[in-house]
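Here is the structure we will look at, set down as structure tokens.
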Amino acid sequence: MEYNFNEIEKKWRKYWQENNTYVAKIDSEKPKYYGLSMFPYPSGAGLHVGHPLGYIASDIYARYKRLKGFNVLHPMGYDSFGLPAEQYAIQTGQHPAVTTEENLKRYRSQLDKIGFSFDWSREVRTSDPQYYKWTQWIFKQLFAAYYCNDASKAMPIENLVSVFEKEGNTSVNAVTAYETEFSAEEWNAFDAKQKDAVLMDYRLTYLADSWVNWCPALGTVLANDEIVNGVSERGGHPVEQKLMRQWSMRITAYAERLLKGLDKLDWSDAVKDIQRNWIGKSVGASVNFAVADHDEEIQVFTTRPDTIYGVSFMVLAPEHELVTQITTDEYKDEVNAYQQKAGLKSERDRMADTKTISGQFTGAYAVHPLSGEKIQIWIGDYVLASYGTGAVMAVPCGDQRDYDFAKHFEIPIKNIFADVSIEEEAYTEKKGKIANSDFLNGLEVAEAIQKAIEVLEDKKIGKAKTNYRLRDAVFSRQRYWGEPFPVYYDNGVAKTIEDQFLPIELPEVDKYLPTPDGKPPLGNADNWFWDTEKNELVGRERAEEEHVHPMELNTMPGWAGSSWYFLRYMDPHNEKAFVAKEKVDYWSNVDLYIGGAEHATGHLLYSRFWSMFLNDMGHIPFEEPFKKMINQGMILGRSSFVYRDKASGKFISFGKRKEYKVARLHVDINIVDNDKLDIEAFKASREEYANAEFILEDDGTYICGNEVEKMSKSKFNVQNPDDLVEKYGADTLRMYEMFLGPIEQAKPWDIKGINGVNNFLRKLWRLFHDQDGNVNLSDDKADAKALKSVHKTIKKAQEDMDRYVFNTSVSAMMICVNELTEQKCNNKTVLQDLVVLLAPYAPHIAEELWSILGNEGSVNDATYPVCNEDYLVEDAFEYPVSFNGKMRFKVELPNNLSKEDIEKEVLAMEKSQKYLEGKAPKKVIVVPGRIVNIVV
RNA sequence: GCCCGGGUGGCGGAAUUGGUAGACGCGCUGGAUUCAAAAUCCAGUUCUUUCGGGAGUGCGGGUUCGAUUCCCGCCCCGGGUACCA
């Protein structure tokens with residue numbers, strides 16, 4: 001029998017399904033392994049070969065762990081809420097659930113063909129009410145919690161309430177936006193609405209008027225991580241700042257823990273760095289500057305309190321709340337004009353234009369808190385309202401932006417650095433000695449910072465402070481296709497619906513667009529009012545009844561459901577809890593997570609935040625969800641091009657294109673083989689090409705140009721995995737994707753090499769069969785050569801697995817098959833080891849060969865072979881002999897020789913004499929088993 | 001600008017601790033087999049050469065008996081970030 005991959009793969013996929021081969025159960029006898037791949041958003045375009053790359057690696061590792069005796073959890077599901085399905089719904093009126101279901105089926109059939117060991121009985125979908133019931137529940141948990149700085153963790157909000165009742169908030173050290181102090185008496189005197197407003201400022205998810213990124217084209221607000229270069233990540237639409245009442249997540253409470261936790265994680269430095277920068281911790285001090293002739297104070301944040309004597313002016317953000325108050329009449333018009341101008345600038349313009357220096361003097365002065373000097377107060381758009389306090393103390397000698405500003409507006413620059421020239425530019429190094437600074441004179445920067453803070457705190461004009469760039473995350477979206485909030489508004493006060501009535505299911509609407517008066521799409525729903533007596537959703541007609549209240553019209557963002565899905569896999573059908581304690585105690589956190597680095601500031605940060613929170617509340621036993629992570633690189637497409645002469649319309653072959661004025665056109669890679677165009681197929685591909693004329697190469701072929709770019713439909717360079725599975729089999733596809741190169745590296749997809757991997761599998765097949773295709777195996781004792789070949793491979797495969805490298809193992813197995821073929825080895829024990837090594841990579845053929853070898857059951861239940869070093873012992877080594885570091889010849893010498901003997905042997909050789917040219921060697925380096933180097 | 005990756009044949013890539021640069025695969029060249037083709041098998045394939053050699057891992061230096069690997073400076077490509085005080 002020939003290697004018939006289609007038949008074999010079908011057979012074993014059926015076997016796996018019928019035998020529940022990949023269904024995971026808790027087994028306390030075995031160590032657990034949780035291997036996870038980032039779940040996909042099921043887009044309409046289906047999978048291309050780039051998508052499964054990470055899944056294949058993840059699958060290989062999961063299968064390997066099982067062979068190593070681990071109890072493996074390897075699930076898959078869908079992030080099935082999202083914008084594209086909704087955009088499609090707006091265009092076509094088709095319910096997003098319907099489109100999503102269709103896409104999802106296609107995904108599943110594509111995934112199934114690749115032979116993954118997913119436990120599909122654990123599939124989750126974020127848009128399934130039985131799933132988002134628990135997303136709503138977690139939201140409620142966050143709503144009912146605040147962050148206690150003393151305990152450094154989240155706590156139930158009731159605890160806070162009882163403190164307020166007894167002591168007010170003066171002794172409370174919590175993360176909050178609430179700045180006013182109140183006593184117990186005052187608290188107890190507040191009415192329900194007031195109390196509610198106060199608590200809102202403490203809750204970990206809260207409703208607040210905040211400046212949000214509003215994207216008119218998408219009709220929704222976006223989180224910072226959903227904006228790239230000032231436009232929406234999805235669709236590239238402009239985004240503007242808007243003040244809106246929105247749900248937010250107080251992720252800033254976790255800034256320090258999110259930062260510190262990174263040190264313990266086995267993630268790529270790239271992603272850890274991205275998160276560190278995103279969190280953006282800076283340590284310094286806040287300092288208060290009194291405004292001359294006003295009662296107001298301006299608070300600034302600085303990382304360099306040591307340079308406080310170098311302050312020669314102050315700059316406020318144009319939007320700063322004090323600007324209008326302090327501006328003198330004389331400057332009112334100019335300041336107004338500047339504010340207008342700055343306000344008109346979009347975020348994007350402001351970013352694009354960082355070189356132009358602009359600002360406006362307010363006419364007001366601040367008083368230097370130490371020297372008492374009067375300093376000018378300016379406004380300038382280089383100061384951002386959203387960072388720190390929206391105001392800076394300008395130290396032109398130590399900050400380039402302040403320096404440039406000062407030069408531009410001819411503001412004096414004071415040098416407070418000893419022995420440093422600031423003629424040309426600011427001195428921004430964080431070292432050296434401070435001068436002209438009273439009590440700081442002569443101190444090194446580090447000491448000066450300490451001292452400055454001490455004095456500021458002493459005089460009560462400032463204090464040590466740490467700032468983070470991380471902002472709270474906006475959690476509302478003005479969209480339809482997302483989780484509804486379990487929230488209704490009683491007289492304007494947000495109330496959550498009791499757990500027993502969850503899930504609150506997404507209502508039907510007849511239009512997916514905002515309502516005519518600009519409310520989110522849920523405003524179109526008829527049945528979107530909460531009856532607090534019957535605890536059910538009721539219709540608009542009863543809206544006036546006293547116990548009927550309007551529901552929240554926003555939905556949750558895409559990252560809500562994906563922030564905890566890895567927990568649900570452990571216990572996907574639980575109706576009593578989001579995950580049962582014994583399940584999460586057993587499976588614990590993810591051992592290996594494979595997915596894209598593009599989620600660094602979104603999903604990967606939010607998941608960590610929610611895990612920390614759920615851990616704080618005692619729901620899960622760990623605070624970091626993903627112990628180790630690998631980021632697979634993108635697989636790029638290799639596009640092909642034809643060149644059309646602009647004058648004649650003829651298609652010019654690559655080699656001759658420069659002789660003409662040509663336009664470059666993408667051509668479908670499926671009609672190009674090894675850069676040669678299939679001319680007939682090209683003519684048939686489009687009507688307008690039917691009578692195309694060509695200028696060919698001299699050998700009569702049409703050669704296409706090529707370029708590596710992103711894989712996309714519009715570039716005609718998409719490779720669909722289904723076609724390849726059809727043509728070469730899933731095992732070949734899996735191995736080829738690994739063979740392409742290191743998993744983490746971006747690399748171009750090139751179909752050319754795939755038959756090499758297919759050849760390898762066929763060659764392996766032939767080891768088990770004679771020329772007529774009959775099974776032909778030997779039970780004899782394996783010979784030393786064959787044992788060496790296979791144990792060498794075991795060693796390599798094991799080493800590669802230990803460092804999560806997949807490409808070189810494929811090479812090693814190829815070498816092994818080449819060697820065994822040469823040895824005409826058909827020995828069962830030798831081949832069996834090889835089959836188990838191969839099983840994680842090419843599971844279908846491995847199953848077939850495993851059964852051909854006479855084994856019962858699945859190769860998944862085999863044991864991973866262990867390398868026996870005894871088989872690898874060599875008694876001789878072929879030494880490369882170098883002269884002055886250049887390899888000249890090789891000589892085989894027995895391994896039992898001493899260094900001295902080797903040296904003697906080599907020097908005595910005729911060839912050595914030739915390179916020595918009669919001279920005595922200056923030095924001879926002998927590294928046994930490695931190299932001999934002779935210095936002449 | 002700053003922070004991370006990366007740069008090796010015609011191509012994807014290998015070289016794990018400083019020790020034979022180019023494993024493995026593709027492609028290409030030649031040969032065997034075949035009526036022919038596919039498939040398969042064998043041999044060759046970094047460049048250069050006067051066939052003795054010589055050069056060679058982005059460029060320039062350095063350390064070393066020996067550098068793709070370590071150090072210094074620079075160039076290019078990819079990703080992240082962007083007035084963060």
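The values are calculated or read from the model by the stated rules, or taken from the named source; none is laboratory data. Computed from a predicted model, the values in this text were never measured in an experiment. Ideal geometry is used to build each Cβ from the backbone, glycine not excepted, and the neighbour counts take in all protein chains shown. Ligands, DNA and RNA are excluded from the accessible area calculation, which covers all protein heavy atoms including side chains. Shrake-Rupley method; radii C 1.70, N 1.55, O 1.52, S 1.80 Å.
Remarks
- Residue in the range A:174-181 that is in a helix (DSSP H, G or I), touching a strand residue (DSSP E or B) at 6+ places or on another chain (Cβ under 9 Å) and touching a residue at least 24 places away in the same chain (Cβ under 8 Å) present: no
- Close contacts from the range A:696-711, counting a first residue that is under 11 Å from A:F651 (Cα atoms) and a second that is near RNA strand B (Cβ under 10 Å from one of its atoms) and open to solvent by less than 40 Å² (accessible area, probe 1.4 Å), with Cβ to Cβ under 8 Å and a gap of 6+ residues or different chains, come to A:I703/A:D675; A:C704/A:D675.
- Residues (assigned to a helix (DSSP H, G or I) and open to solvent by less than 10 Å² (accessible area, probe 1.4 Å)) located in the range A:759-773: A:L761, A:L764, A:W765
- Qualifying residue in the range A:910-924 (condition: surrounded by 15 or more Cβ atoms within 10 Å (Cβ to Cβ) and within 23 Å of A:S789 (Cβ to Cβ)): no
- If you filter the range A:119-142 down to residues that are hydrophobic (A, V, I, L, M, F, W, C) and open to solvent by less than 10 Å² (accessible area, probe 1.4 Å), you find that the one that is farthest from A:D723 (Cα to Cα) is A:L142.
- All positions within the range A:801-834 that are farther than 27 Å from A:D591 by Cα, among the β-branched types (V, I, T) and open to solvent by less than 10 Å² (accessible area, probe 1.4 Å): A:V817, A:V830
Matching residues to (1) polar (S, T, N, Q); (2) surrounded by fewer than 18 Cβ atoms within 10 Å (Cβ to Cβ); (3) out of contact with any His (no Cβ under 9 Å at 6 or more places or on another chain):
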site: A:R568; (1), (2), (3): no, no, yes
site: A:D571; (1), (2), (3): no, no, yes
site: A:E575; (1), (2), (3): no, yes, yes
site: A:K581; (1), (2), (3): no, yes, no
site: A:D585; (1), (2), (3): no, yes, yes
site: A:V590; (1), (2), (3): no, no, yes
site: A:I594; (1), (2), (3): no, no, yes
site: A:G602; (1), (2), (3): no, no, yes
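- Scan of the range A:767-776 for residues that are free of Cβ contacts under 8 Å to residues at least 60 places away in the same chain and either within 13 Å of RNA strand B (Cβ to nearest atom) or closer than 26 Å to A:Y736 by Cβ (or both), ordered by number: A:Q771
- Within the range A:393-416, residues that are farther than 23 Å from A:K431 by Cβ and within 11 Å of RNA strand B (Cβ to nearest atom) have Cβ atoms under 9 Å from residues that are small (G, A, S) and outside any loop (DSSP other than H, G, I, E, B) in these pairs: A:F405/A:A394, counting only partners at least 6 apart in sequence or on another chain.
- Some residue of the range A:860-883 being small (G, A, S), farther than 30 Å from A:I8 by Cβ and within 51 Å of the chain's Cα centre (by Cα): yes
For every residue, the table says whether it meets (1) among the acidic types (D, E); (2) more than 13 Å from RNA strand B (Cβ to nearest atom).
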position	(1), (2)
A:M814	no, no
A:E847	yes, yes
A:V859	no, yes
A:T863	no, yes
A:V873	no, yes
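- The residues of the range A:437-452 that are of a type in the set (A, V, I, L, M) and surrounded by 21 or more Cβ atoms within 10 Å (Cβ to Cβ), listed by number, are A:L440, A:A448, A:I449, A:A452.
- All conditions in (1) without any contact (Cβ under 8 Å) to a residue 24 or more places away in the chain; (2) over 16 Å from A:Q478 (Cα atoms); (3) surrounded by fewer than 15 Cβ atoms within 10 Å (Cβ to Cβ); (4) not charged (D, E, K, R) hold for A:W187, with the sole exception of (3).
- Counting only helices (runs of 4 or more DSSP H) that sit completely within the range A:540-593, those holding 2 or more residues that are more than 14 Å from A:G77 (Cβ to Cβ) correspond to A:559-562, A:581-587.
- Candidate set from the range A:780-800 (those that are in a helix (DSSP H, G or I) and charged (D, E, K, R)); member that is least open to solvent (accessible area, probe 1.4 Å): A:D800
- Considering residues of the range A:458-512 that are among the acidic types (D, E) and part of a loop (DSSP other than H, G, I, E, B) only, the residue surrounded by the fewest Cβ atoms within 10 Å (Cβ to Cβ): A:D510
- Where helices (runs of 4 or more DSSP H) fall wholly inside the range A:1-100, the ranges with 3 or more residues that are open to solvent by 60 Å² or more (accessible area, probe 1.4 Å) are A:5-18, A:83-92.
- Pair list, Cβ < 6 Å and 6+ apart or interchain, from the range A:777-803 residues that are over 25 Å from A:A62 (Cβ atoms) to residues that are of a type in the set (D, E, K, R): A:L777/A:K828; A:D779/A:K828; A:S789/A:E819
- Residue in the range A:363-382 that is under 17 Å from A:A285 (Cβ atoms) and within 14 Å of RNA strand B (Cβ to nearest atom) present: no
- Test: residue in the range A:514-526 that is in contact with a helix residue (DSSP H, G or I) (Cβ under 6 Å, 6 or more places away or on another chain), within 16 Å of RNA strand B (Cβ to nearest atom), at pLDDT below 95 and open to solvent by 10 Å² or more (accessible area, probe 1.4 Å): no
- When the residues of the range A:259-274 are filtered to those that are open to solvent by less than 10 Å² (accessible area, probe 1.4 Å) and in contact with a helix residue (DSSP H, G or I) (Cβ under 6 Å, 6 or more places away or on another chain), the one that is farthest from A:D616 (Cα to Cα) is A:V271.
- Selected residue [open to solvent by 10 Å² or more (accessible area, probe 1.4 Å) and within 25 Å of A:R250 (Cα to Cα)] from A:P621, A:P625: A:P621
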